[in-house]
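Below: one structure, written as structure tokens.
The values are calculated or read from the model by the stated rules, or taken from the named source; none is laboratory data. Model, not experiment: these values are computed from the prediction. Backbone-built Cβ (ideal geometry, glycine too); neighbour counts: all protein chains shown. Areas reflect the complete protein model, heavy atoms only, side chains present, ligands, DNA and RNA absent. Shrake-Rupley method; radii C 1.70, N 1.55, O 1.52, S 1.80 Å.
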Amino acid sequence: MHHRSFLSTSLCLLMAFSSFAQQKKDLPVFNLTKEVAEAHLRFLASDELMGRRTGEMGNRVAARYLAEQFRKYGATPVPGQSTFYQTVPLERIGASGKGELVVNNEPLRNNEDWMLIAGDAASLSAPVVYAGYGLEDTAKGWEDYKGVDVKGKIVLVQSGSPDNQTPAEIIASSNRKRQIAGEKGAVALIELFTVPIPWNIVTRNFTRDQISLAQGNEGATRTSLPHVWVNGKEARLTRLLRAANTTAQLSTEGRKSERIVSHNVAAYIQGSDPKLRDEYIILSAHYDHVGVGKQGGQPYTAEDSIFNGARDNAFGCVALLSSAEALAKNPPKRSVLILAVTGEELGLLGSRYYASNSLLALNKCIFNLNSDGAGYNDTSIVSVIGLDRTGAKAEIEAAAKVFGLDVVADPSPEQGLFDRSDNVNFAIKGIPSPTFTPGFRKFDQDIMKNYHQVSDNPETVDFGYLLKFSQAYTYAARLIADRTTAPQWTAGDKYEEAAKKLYVK
């Protein structure tokens, strides 16, 4: 990959826009209509889809709708695939029930200080042995079990990994840690959970029914090891568990599990340039939401118990559909993979599965433009998480300007939003991956009023803004796919090293 100065890129863009009047007649993005955008959103966020919860019928109907719209617009399944669907194997885990955890004769409060994440019913007492992060990877030099005998004992580990403490990695690594601990002969696993999300939100969301990526393949041995998360940000609990000669007693009803499936929806548009079409960009958005009633985790009434998710993320799905409609009619130079992912609300599951089981070679993907959001409080802008980090600022700003929108980079940095949407699973692999989100300058009451609330219905959406947003997203995708050189991470970015490994010449 080659570097190109921002000034040079900007000059090229200025030259390109000198013929803007002619382009406007030729590019289908300018012919997208508010009526079509509105129809897409009204269907995807309709009551009949019951909140599009992963693994349930409304989610499957949304996937079918997206696939058939992609087909109608002229996109095709990914080369080598016969359908638009990528099966994502999942495991549904029942709600956390009754249990007791006593450490050195001090009881911890169930579902307050600790919670059971997975595992069968158990009643046991054993010494506690510390094993670092609980990971083994010889390529990275991780040997947390070296010289540690855990057979018949409770293993205590830190959350995440030595080089990654993002929420996505902490959640993703839990399954691996449980599997390793079981293989080593441990009787239980306690993980000091330190994800940068308030602990009360963690307990509220993870004590309910859970869905995670399935362990191994269908029919593979599943570990029944009890796996506990303890509030690792509470110093008292950490000291208690890390004390010398610690013993613990754990009794739990367990959490029942079953295999289910969901699907990512993947559509392909071949690039127009014979020299560049082997490279591609990914346009992504999640299509799932949180479901109905207690599943949503927020207040509801008998009159309205459906969490429709108009803003989060039917809005982003409309941007994907708009891109399919416009780009299939007039493909950019590079190819385009349009990827609607499932399971984002449950821990970025669909994008994580895709990033590890990609349908196209990831080292041929030069960019991921993700679309997601909690809502908007400013319809004069789009907000782009990672704008200044991922090398396509000029194209994104130019595209937004055409439709009368300004661009705000990384509002509310305290929220850590870059690592909280599907883009992060591509960034971890090394792909520059910002998130293009509806306009907001801060998380205020205008955002929280509808975010994950039953009030997030189509009738509350500004459809004129939805159209401009979708057009700007689509045009930005075209400009990025047409670049002479691939975008680069900003020097020193925490994901730059992964890019160097991915894009080895």
task: Keeping the other protein chains in place, figure out the carbon and sulfur percent of the accessible area of region 226-349, with a 1.4 Å probe.
output: 48 percent
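Answer rounded, prolate or oblate for region 310-442, using the Cα gyration tensor with square roots of eigenvalues a ≥ b ≥ c: rounded when a/c is under 1.5, else prolate when a/b is larger than b/c, else oblate. Don't skip to the end; give the middle numbers.
Working: a/c = 1.45, a/b = 1.16, b/c = 1.25.
Taking the square roots of the gyration eigenvalues as a ≥ b ≥ c, region 310-442 is rounded.
Could you order Asp372, Asp410 by accessible surface area, starting with the largest, using a probe radius of 1.4 Å?
Ranked list, largest accessible area first: Asp410, Asp372.
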- request: Name the lysines eligible as straight-distance cross-link partners of Lys34: C-alpha to C-alpha under 30 Å, and not fewer than 8 places from it in the same chain.
  value: Lys24, Lys25, Lys72, Lys329, Lys333, Lys393, Lys401, Lys442, Lys449, Lys468
message: Between helix 315-329 and the chain, what is the angle of the helix's C-alpha long axis to the longest principal axis, kept within 0 to 90° and rounded to the nearest 10?
response: 40 degrees
task: Run down the lysines and flag those whose C-alpha is under 21 Å from the C-alpha of Lys233, throwing out any fewer than 8 positions away in its chain.
output: Lys177
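Using the Cα centre as the reference, give the magnitude of the dipole from point charges on the C-beta atoms of the chain (Lys, Arg: +1; Asp, Glu: -1; all else neutral), rounded to the nearest 20 debye. Intermediate results must be reported in sequence, preceding the final value.
Numbers: 56 positive and 56 negative charges, 218 e Å.
About 1040 debye.
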- line: Relative contact order in percent for the chain (Cα pairs under 8 Å, 6+ apart) equals 21 percent
query: Toward the positive end of the charge dipole of region 27-99, about the Cα centre and with charges on Cβ (Lys, Arg +1; Asp, Glu -1), which of Asn59, Phe84, Gly97 goes farthest?
result: Gly97
query: Does anyone have the angle between helix 167-183 and the longest principal axis of the chain? Alpha-carbon axes, 0 to 90°, nearest 10?
result: 40 degrees
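Counting only heavy atoms of the protein chains, get the accessible area per residue of the chain (1.4 Å probe) and round it to a whole Å² value.
Using a 1.4 Å probe on heavy atoms only, each residue of the chain averages 41 Å².
Quick one: putting +1 on the C-beta of Lys and Arg, -1 on the C-beta of Asp and Glu, what dipole do you get for region 387-458 around its Cα centre, in Debye to the nearest 20?
Details: 8 positive and 11 negative charges, 18 e Å.
That gives a dipole near 80 debye.
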statement: Filtering trypsin sites (Lys or Arg not before Pro) in region 144-183 by DSSP loop and by at most 16 other Cβ atoms within 10 Å leaves Lys146, Lys151
- request: Could you tell me which of Leu337, Tyr353, Asn370 has its Cα farthest along the dipole of region 318-376 towards the positive end, charges placed at Cβ (Lys, Arg +1; Asp, Glu -1), taken about the Cα centre?
  value: Leu337
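Treat every Asp and Glu Cβ in region 47-138 as -1 and every Lys and Arg Cβ as +1, leave all other atoms uncharged, and give the resulting dipole magnitude about the Cα centre to the nearest 20 debye.
Details: 9 positive and 12 negative charges, 135 e Å.
Computed about the Cα centre, the dipole is about 640 debye.
Given the -39500 (n - 2.57) contribution per DSSP H run of 4+ residues, what per-residue ellipticity at 222 nm results for the chain, rounded to the nearest 500 deg cm²/dmol? Don't jump to the answer; show the numbers that get you there.
Numbers: 14 runs with 148 residues, N = 505.
Estimated from H runs of four or more residues: -9000 deg cm²/dmol.
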message: Explain nothing, just compute: Karplus ³J(HN,Hα) = 6.51 cos²θ - 1.76 cosθ + 1.60, θ = phi - 60°, for every residue of region 185-193 in order, whole Hz, x for Gly and Pro.
response: x, 5, 9, 6, 10, 10, 10, 7, 7
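By accessible area of protein heavy atoms, probe 1.4 Å, what ranking do Thr490, Thr54 get, highest first?
Details: Thr490 60, Thr54 0 Å².
Result, largest first: Thr490, Thr54.
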- prompt: Whose amide H sits under 5 Å from the amide H of Thr490, counting only residues 5 or more places off or on another chain, with H placed in the peptide plane?
  reply: Thr390, Gly391
